[in-house]
Amino acid sequence: MRATWNGQLIAESDETVVIEGNHYFPRESVVSSYLKDSDKTTTCPVKGRASYLTIEVDGMENPDSAWYYPDPGEGSPEIRDRVAFWRGVKVIG
């Protein structure tokens, strides 16, 4: 699986975990130089508290377009240390 935005490869892995239609990439497969921490968080009753990341490529930002669960709930331990994408990020296989 590959995740791209603004013409750049953001993540690539053969070992994504799919939950609710979202591919969660291993953190080490994501190009960290394109990510910036965000203050945004949300809470899921099953997965726990999500933290968000902003993608920045060639001076363009895509706010809160990636998320991860630093301490996922008991229902989704397999997504620990994995990142998922939305808001225009293309994920293709």
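The values are calculated or read from the model by the stated rules, or taken from the named source; none is laboratory data. Bear in mind the structure is a predicted one, so any value in this text is a computation, not a measurement. Here Cβ is always computed from backbone atoms with ideal geometry, including for glycine, and neighbour counts include all displayed protein chains. Note: areas computed on protein heavy atoms with side chains; ligands, DNA, RNA excluded. Shrake-Rupley method; radii C 1.70, N 1.55, O 1.52, S 1.80 Å.
Using a 1.4 Å probe, what is the accessible area per residue for the chain, in Å²?
Here the per-residue accessible area is 57 Å².
Counting other C-beta atoms within 10 Å, and keeping those with at most 16, which DSSP coil GluC sites (Glu not before Pro) do you find in region 1-47? Before the final figure, lay out each step's value.
Values: sites: Glu12, Glu15, Glu20, Glu28; in loops: Glu15, Glu20.
Counting only loop positions with at most 16 other Cβ atoms within 10 Å, the GluC sites (Glu not before Pro) in region 1-47 are Glu15, Glu20.
Going 7 Å from the Cα of Glu12 toward and past its Cβ, which residues in region 65-93 have a backbone nitrogen under 19 Å from where you end up?
Taking a point 7 Å out along Cα→Cβ of Glu12, the residues of region 65-93 whose backbone N falls under 19 Å are 83-85, 89-93.
List every residue whose amide H lies under 5 Å from the amide H of Ile19, counting only residues 5 or more places away in sequence or on a different chain, with H placed 1.01 Å from N in the peptide plane.
Those lying under 5 Å, H to H, from Ile19 are Tyr24.
Using modelled backbone amide H atoms (1.01 Å from N, in-plane), which distant-in-sequence or interchain residues come within less than 5 Å of Asp81's amide H?
Correct list: Tyr69.
Could you please state how large a percent of the accessible area of the chain is carbon and sulfur, counting protein chains only and using a 1.4 Å probe? It would help to have the intermediate numbers written out before the result.
Values: 2360 of 5310 Å².
On the chain, the fraction of accessible area on carbon and sulfur atoms equals 45 percent.
Would you report the distance distribution of C-alpha pairs in region 21-81 as whole percents per 10 angstrom bin, up to the bin with the largest distance?
Percent of Cα pairs in each bin: 22, 52, 23, 3.
Can you work out the FRET efficiency for the pair Arg80 and Glu56, with r the C-beta to C-beta distance and R0 = 25 Å, to the nearest 0.05?
Values: r = 25 Å, r/R0 = 0.99.
That gives a FRET efficiency of 0.50.
By a straight-distance test (C-alpha under 20 Å), which aspartates and glutamates pair with Lys40 as possible cross-link partners, with residues fewer than eight away in the same chain excluded?
Here the aspartates and glutamates satisfying the reach criterion relative to Lys40 are Glu56, Glu61, Asp64, Asp71, Asp81.
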